[in-house]
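Student: My structure is below; once you've seen it, I'll send some questions.
The values are calculated or read from the model by the stated rules, or taken from the named source; none is laboratory data. Since the model is a prediction, treat every value here as computed from it, not as a measurement. Here the Cβ positions follow ideal geometry from the backbone for every residue, glycine too, while neighbour counts run over all protein chains shown.
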Amino acid sequence: MKRRNFVQSSVLAGGALLTGGVLKAAASDKNSSSLAGKTFNLNYGIHDGMFKNHAGDDFVEQIKFAYEQGFRAIEDNGMSGRPVEQQKKIGDTLAKLGMAMGVFVQPGLSNDGNMLASGKQEHTDNFIKSCQQAVEVAKRINSKLVTVVPGDFERRLPIGVQTGHVIEAIKKGTAIFEPHGIMMVLEPLSDNPNLFLRTPDQAYEICKAVGSPSCKILYDMYHVQRNQGNIIPTLDLCISEIGYYQIGDNPGRNEPGTGEMNYKNIFKHIYDKGYRGVMGMEHGNAGKGKEGELALIKAYREADSFM
């Protein structure tokens with residue numbers, strides 16, 4: 001490894017004496033090597049492109065590389081748009097490696113075409129169709145998690161009426177998912193002020209009203225931090241309806257340790273609450289190239305060292 005080469009060079013340059021700093025570096029290097037393939041305490045799910053500099057553009061090869069680094073899950077927002085044969089190949093790879101599949105975004109929907117808050121039949125019909133399509137995708141990749149975003153506000157309607165429309169549409173979706181054991185996870189977002197669903201407590205209200213195991217909250221901590229902060233207390237208030245977590249530090253939406261959020265404390269809290277599902281790595285790499293990818297792995301080792 002590069003660090004070991006550095007240590008060896010330092011020893012040669014300094015003569016036969018090993019300083020305390022060199023000994024410390026050598027010990028650290030040995031520890032890093034021993035953790036290379038060790039599984040994490042929580043089940044972090046990589047996404048396509050995260051390790052392309054090490055493994056190439058093929059997502060399957062990236063998955064294999066991630067497995068070697070100790071990751072045991074993936075998520076893929078764009079899975080529905082992949083060719084069927086590629087979906088099957090990814091599913092087969094996950095099964096062979098014993099890795100979990102996290103969320104994929106429900107197919108065929110956008111904010112413009114998914115305004116459930118409007119109550120218009122065309123949007124409800126489109127949503128139901130996309131639920132049926134999602135079931136088929138889920139079968140190919142052995143997934144039980146689908147991300148759903150209700151779309152934009154209908155500003156001509158009172159908020160209570162809009163909420164009622166969303167609840168009724170979601171109930172129809174859960175009727176499709178329940179027989180297959182699939183969970184839709186509603187994601188509050190911070191991308192723009194036109195979005196109907198923005199906070200976990202709002203999603204909590206909808207999940208309670210729907211009353212189905214196939215309707216839960218996607219607790220994306222990057223979006224929660226941007227919209228309101230108070231990550232841990234808000235999590236505790238909504239935990240009975242949280243079905244999935246996503247990660248991203250703020251500002252920048254990169255790996256833990258690159259922004260203002262204390263992910264070591266957050267991860268420990270989630271672990272202590274008993275969650276053992278996939279934690280989606282919904283963020284970019286702060287650094288470039290192979291060094292940036294190695295820095296990302298190191299960041300997760302540090303944030304995950306709460307035990």
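Student: Among the residues of region 211-229, count how many are free of Cβ contacts under 8 Å to residues at least 12 places away in the same chain and either acidic (Asp, Glu) or touching a helix residue (DSSP H, G or I) at 6+ places or on another chain (Cβ under 8 Å) (or both). Talk me through it step by step, then tell me what you get.
Tutor: Within region 211-229, the first condition is being free of Cβ contacts under 8 Å to residues at least 12 places away in the same chain, and the residues that meet it are 211, 229.
Now narrow it down to the ones that are either acidic (Asp, Glu) or touching a helix residue (DSSP H, G or I) at 6+ places or on another chain (Cβ under 8 Å) (or both): none.
The qualifying residues number 0.
Student: All but one of (1) part of a strand (DSSP E or B); (2) of a type in the set (D, E, K, R); (3) more than 26 Å from Asn114 (Cα to Cα) hold for Lys264, so report the exception by its number.
Tutor: Status for Lys264: all satisfied but (1).
Student: Could you list, in sequence order, the residues of region 207-224 that are in a helix (DSSP H, G or I) and surrounded by 21 or more Cβ atoms within 10 Å (Cβ to Cβ)?
Tutor: Scanning region 207-224 gives Cys207, Val210, Met221, Tyr222, His223, Val224.
Student: Can you find even one residue in region 126-135 that is surrounded by fewer than 17 Cβ atoms within 10 Å (Cβ to Cβ), of a type in the set (Val, Ile, Thr) and free of Cβ contacts under 8 Å to residues at least 60 places away in the same chain?
Tutor: Scanning region 126-135 turns up at least one residue that is surrounded by fewer than 17 Cβ atoms within 10 Å (Cβ to Cβ), of a type in the set (Val, Ile, Thr) and free of Cβ contacts under 8 Å to residues at least 60 places away in the same chain.
Student: For region 138-159, enumerate the residues that are closer than 17 Å to Leu197 by Cβ and assigned to a loop (DSSP other than H, G, I, E, B).
Tutor: Once the filter is applied, which keeps residues that are closer than 17 Å to Leu197 by Cβ and assigned to a loop (DSSP other than H, G, I, E, B), region 138-159 yields Val149, Pro150, Gly151, Phe153, Glu154, Arg155, Leu157, Pro158.
Student: Can you say whether Tyr271 is within 15 Å of Asp304 (Cα to Cα) and assigned by TED's automatic domain parsing to the domain that holds Gly45, as far as the supplied structure shows?
Tutor: Criteria met by Tyr271.
Student: Conditions: (1) surrounded by fewer than 15 Cβ atoms within 10 Å (Cβ to Cβ); (2) without any contact (Cβ under 8 Å) to a residue 24 or more places away in the chain. Asn194 meets all but one. Number of the miss?
Tutor: Every listed condition holds for Asn194 apart from (2).
Student: Taking the criterion of being within 26 Å of Lys129 (Cα to Cα) and without any contact (Cβ under 8 Å) to a residue 40 or more places away in the chain, would at least one residue in region 248-260 satisfy it?
Tutor: Step one: list which residues in region 248-260 are within 26 Å of Lys129 (Cα to Cα), which gives none.
For region 248-260, residues within 26 Å of Lys129 (Cα to Cα) and without any contact (Cβ under 8 Å) to a residue 40 or more places away in the chain: absent.
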